[in-house]
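Undergrad: After the structure tokens below, expect a handful of questions from me.
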Protein chains: 6
Amino acid sequence: MPFVEIHMWQGRSNEQKRNLVAAINAAMVEHAGANAENLQIAIQEYPLENWARAGILGIDRTEK
Amino acid sequence: MPFVEIHMWQGRSNEQKRNLVAAINAAMVEHAGANAENLQIAIQEYPLENWARAGILGIDRTEK
Amino acid sequence: MPFVEIHMWQGRSNEQKRNLVAAINAAMVEHAGANAENLQIAIQEYPLENWARAGILGIDRTEK
Amino acid sequence: MPFVEIHMWQGRSNEQKRNLVAAINAAMVEHAGANAENLQIAIQEYPLENWARAGILGIDRTEK
Amino acid sequence: MPFVEIHMWQGRSNEQKRNLVAAINAAMVEHAGANAENLQIAIQEYPLENWARAGILGIDRTEK
Amino acid sequence: MPFVEIHMWQGRSNEQKRNLVAAINAAMVEHAGANAENLQIAIQEYPLENWARAGILGIDRTEK
């Protein structure tokens, strides 16, 4: 612990993911007192047809 | 919030997913008082070899 | 499978939960072809200080 | 989306949580291009007896 | 990684949890080649009113 | 219930998964008193670029 799961759409580059996990790791260490060696982050990516807001699939939305 | 995660096997059509998220959204608004604009649903799909019941993988089961 | 996790704030009554899971179960059977006997739903409830939107905790928001 | 779940031990103060979600929100906006209005974060807190590393419960570990 | 989340009803003793995480840890090391030092297990416990099978809450079921 | 989610890297064979779910099922029945018929296990597999420890992506680590 801690374990952080990020649920987001697919499509970010490895460089974006690299910067994202570094920043979240730093936030967890600074604000939650986490030990970085035991802090793991997992990114779950979803295609637009596997996500909905207000009951409308991502593939059917004009505003995401 | 709310956030609803659906774990199921892969293979539903977009039309099935479209109807499913609409119905779940309606259920959350009616019965849990959710604000649809902040209600998100994510569908995680699994291949049969990544799921088990009673300790037997989906690819090895005759009855799912 | 399927397994449905609902993440929401604490505070709904048992009667609300009863109606909610019945409606979600019906939606999963009708639209996703689920076998109700193997369909499980879990509700995770969070206090307002354990949830944020736009980086602002629920206890600090005026609009939820 | 995105939806971020943080699994950690119980015991952080509201002030720590306040700073933590603000920093994670900023990281998601900057590095993943998230729309903050649709970005939700949930914190799941566990007592030490509900977590293990290397097969040893938190209540039995000397080094966390 | 790996990270294992166990969703179950509340009520197991610490001794049951102790034996459970030891056995799951051993299974992950033996069968999935996991490094125990980086293998974390979290137990999420639910009251009976926060879980349903076949659309019926745990508090309303006679057979669990 | 119970529902067990295993988060791990992709790449295990079906034979490894077969043995893994059998062992975890046995552990849950023996130590947590689970009813195997209602015990489901799901495996979520991640590519190395979707996981980090200590803020460093799996694709950038030399030691996993």
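Undergrad: Points 7 angstrom from Cα along the Cβ direction at E:ILE59 and C:ASN35: gap in nanometres?
TA: 3.0 nm
Undergrad: For the rotation taking chain C to chain B, which residue of C has the Cβ nearest the axis, and how many Å away is it?
TA: Of all Cβ atoms in chain C, the one nearest the axis gives C:GLU5, 2.
Undergrad: Which of rounded, prolate, oblate describes chain D, given a ≥ b ≥ c as roots of the alpha-carbon gyration tensor eigenvalues and a/c under 1.5 marking rounded, otherwise prolate only if a/b is larger than b/c?
TA: Prolate, since a/c reaches 1.5 and a/b exceeds b/c.
Undergrad: Can you give me the angle between helix D:14-32 and the longest principal axis of chain D, using Cα atoms only, in degrees from 0 to 90, rounded to the nearest 10?
TA: The angle comes out at about 50 degrees.
Undergrad: How big is the antiparallel share of DSSP beta bridges in chain B, given as a percent to the nearest 5?
TA: Roughly 20 percent of the DSSP beta bridges within chain B come out antiparallel.
Undergrad: Let me ask you something else. Which value, in debye to the nearest 20, describes the size of the charge dipole of chain E about its Cα centre when Lys and Arg Cβ atoms bear +1, Asp and Glu Cβ atoms bear -1, and nothing else is charged?
TA: Taking the Cα centre of chain E as origin, the dipole is about 120 debye.
Undergrad: Taking only DSSP H segments of four or more residues, each worth -39500 (n - 2.57), what value at 222 nm results for chain D once the sum is divided by all its residues, to the nearest 500 deg cm²/dmol?
TA: Calculated from helices alone, the mean residue ellipticity at 222 nm is -10000 deg cm²/dmol.
Undergrad: Here's another thing I want to ask about it. Is the shape of the protein assembly as shown best called rounded, prolate or oblate, per the rule: a/c under 1.5 gives rounded, else a/b larger than b/c gives prolate, else oblate, with a ≥ b ≥ c the square roots of the Cα gyration tensor eigenvalues?
TA: rounded
Undergrad: What distance in nm lies between label points placed 7 Å from Cα along the C-beta direction at E:GLU15 and F:GLU45?
TA: So the two model labels end up 4.0 nm from each other.
Values in this text are rule-based calculations from the coordinates and carry no lab data. As the structure is a prediction and not an experimental result, all values here were calculated from the model. So basically every Cβ, Gly included, is an ideal-geometry build from the backbone, and we count neighbours across all protein chains shown.
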